[in-house]
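Coordinate-derived values only; no laboratory data. Everything quoted here is computed from the prediction, not taken from an experiment. As a convention, Cβ positions derive from the backbone with ideal geometry for all residues, glycine included, and neighbour counts pool all protein chains shown.
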Amino acid sequence: MTIRRKLTAAIADENIFENEPMAGHTSFKAGGCADLLVVPQSMEELKAVLQTLSGEDAEYVILGNGSNILVRDGGYRGIIVKIGDAFNHTKADGRELVCGAGTLMSVVSKAAVLAELSGLEFASGIPGTIGGAVFMNAGAYGGETSQILKEARLVSRDGREEFCMTAEELQMGYRHTLLHETGHIVTEVVLRLEEGREEEIREKIADFTGRRNSKQPVTYPSAGSFFKRPEGYFAGTLIQDAGLKGLTVGGAQVSELHAGFIINKGGATAADILQLMEIVQAEVLDKYGVKLEPEVRIIGESV
Ligand SMILES: Cc1cc2nc3c(=O)[nH]c(=O)nc-3n(C[C@H](O)[C@H](O)[C@H](O)COP(=O)(O)OP(=O)(O)OC[C@H]3O[C@@H](n4cnc5c(N)ncnc54)[C@H](O)[C@@H]3O)c2cc1C
């Protein structure tokens with residue numbers, strides 16, 4: 001593949017994976033292969049990869065921890081660029097916490113505890129990277145990434161420019177940011193937190209973790225809440241009231257514990273998950289006149 005040869009000038013061959021099964025890189029543990037997965041090991045490599053891809057006009061998608069993404073079974077005919085371990089670092093500076101975009105929220109959360117910084121507790125159980133959390137404006141228990149983000153450091157989609165944007169400039173709304181339109185890539189994040197006491201921060205996290213573990217199907221692969229919250233409703237309540245809890249297509253099921261989650265009970269294909277999604281959407285539209293939109297990012301081709 002020509003693009004592969006070109007990419008070897010930007011990144012070591014051992015960090016380029018051909019026909020890579022994306023089930024191993026996504027929390028749904030389902031779906032097809034990416035033509036190529038590349039894992040830059042530094043900012044320079046990331047920029048070189050992006051410049052190569054834009055020079056070739058190649059299709060590409062950024063991947064964080066894969067906890068909000070589903071690849072259809074026919075796979076992704078393009079390149080997945082993973083923001084991984086090379087972008088995993090945290091540093092407290094006064095009330096600010098500087099984190100590489102590939103740092104998992106659980107790790108960011110631990111760093112905040114150790115620095116006695118409060119404000120991030122809501123996010124401690126979100127299983128993605130901080131870069132993914134900025135892109136999605138991830139939130140839980142009344143908190144949202146936008147509330148704690150001072151600025152994101154970004155690189156342009158063509159890899160040629162580096163710049164910063166504040167939460168306001170990123171126009172962070174409910175599970176949406178300007179990045180959905182621009183495609184800029186988050187490389188580092190500066191969080192602005194409050195001084196707190198370690199014990200109180202730990203208690204808050206334990207409370208949220210307890211709530212999450214008892215109310216969400218955390219032992220099954222999923223991508224969290226499958227649908228966005230429709231204005232004035234809760235997706236999970238609508239799905240439950242429509243009598244769809246436990247509804248199953250192949251290996252995919254509407255969770256019995258939390259109807260807002262579609263889970264992989266074992267061996268689910270992306271087609272199972274998407275067929276179940278469509279049934280749920282049709283039933284909820286029919287019964288309540290509410291159109292449920294997926295929060296999960298769906299990419300790739302059907303078989
Ligand atoms: C059990 C479970 C519970 C969850 N609970 C919550 C919750 O409480 N609240 C919530 O909001 N979400 C929740 N989620 C969904 C998910 O964890 C969040 O959306 C998370 O922020 C995604 O981060 P990620 O690194 O996994 O992103 P990915 O899934 O890898 O990517 C998601 C999107 O972000 C983009 N992206 C990722 N990294 C970057 C980057 N560095 N720069 C630019 N774009 C990037 C990708 O291109 C993709 O479009 C849950 C998921 C699971 C599995």
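List of remarks:
- Modelled spin-label separation between T2 and L285, with each label point placed 7 Å from Cα along the Cα-to-Cβ direction: 4.1 nm.
- Region 216-251 and region 126-193: distance between their alpha carbon centers, rounded to Å: 26
- Förster radius 35 Å - calculated FRET efficiency between R192 and R77, Cβ distance, rounded to 0.05: 0.30
- Computed over the chain, relative contact order equals 18 percent, with contacts defined as Cα pairs under 8 Å that lie 6+ residues apart.
- Size descriptor, Kirkwood hydrodynamic radius, that averages inverse alpha-carbon separations across region 87-211, Å: 14.3
- Among the helices of the chain, those built from whole DSSP H runs whose Cα atoms reach 20 Å or more along their own axis and whose mean Kyte-Doolittle hydropathy is at least -0.5 are 270-288.
- Region 166-303 pair-distance distribution - Cα-Cα, 5 Å bins, rounded %: 2, 9, 15, 17, 15, 16, 14, 8, 4, 1, 0
- Separation of region 30-75 and region 280-301, taken as the distance between their Cα centroids, equals 26 angstrom.
- Rounded to 5, percent antiparallel among DSSP beta bridges of the chain: 80
- Among I3, I279, sorting on how many other beta-carbon atoms sit within 10 Å of each Cβ, with the fewest leading, yields I279, I3.
- The Cβ shell under 12 Å around V113 holds other residues with a net charge of -2, Lys and Arg each +1, Asp and Glu each -1.
- Kirkwood analysis of the Cα pair distances in the chain returns a hydrodynamic radius of 20.0 Å.
- The alpha-carbon of K47 sits under 24 angstrom from the alpha-carbons of these lysines, leaving out residues fewer than 8 places away in its chain: K6, K82, K91, K150.
- Listed by chain and number, the lysines whose C-alpha is less than 25 Å from the C-alpha of K291, apart from same-chain residues fewer than 8 away, are K215, K228, K245.
- The label point for T248 and the one for D57, both projected 7 Å from the Cα toward the Cβ, are 4.8 nm apart.
- Where Rh is the Kirkwood radius over Cα pairs, Rg/Rh for region 2-85: 0.95
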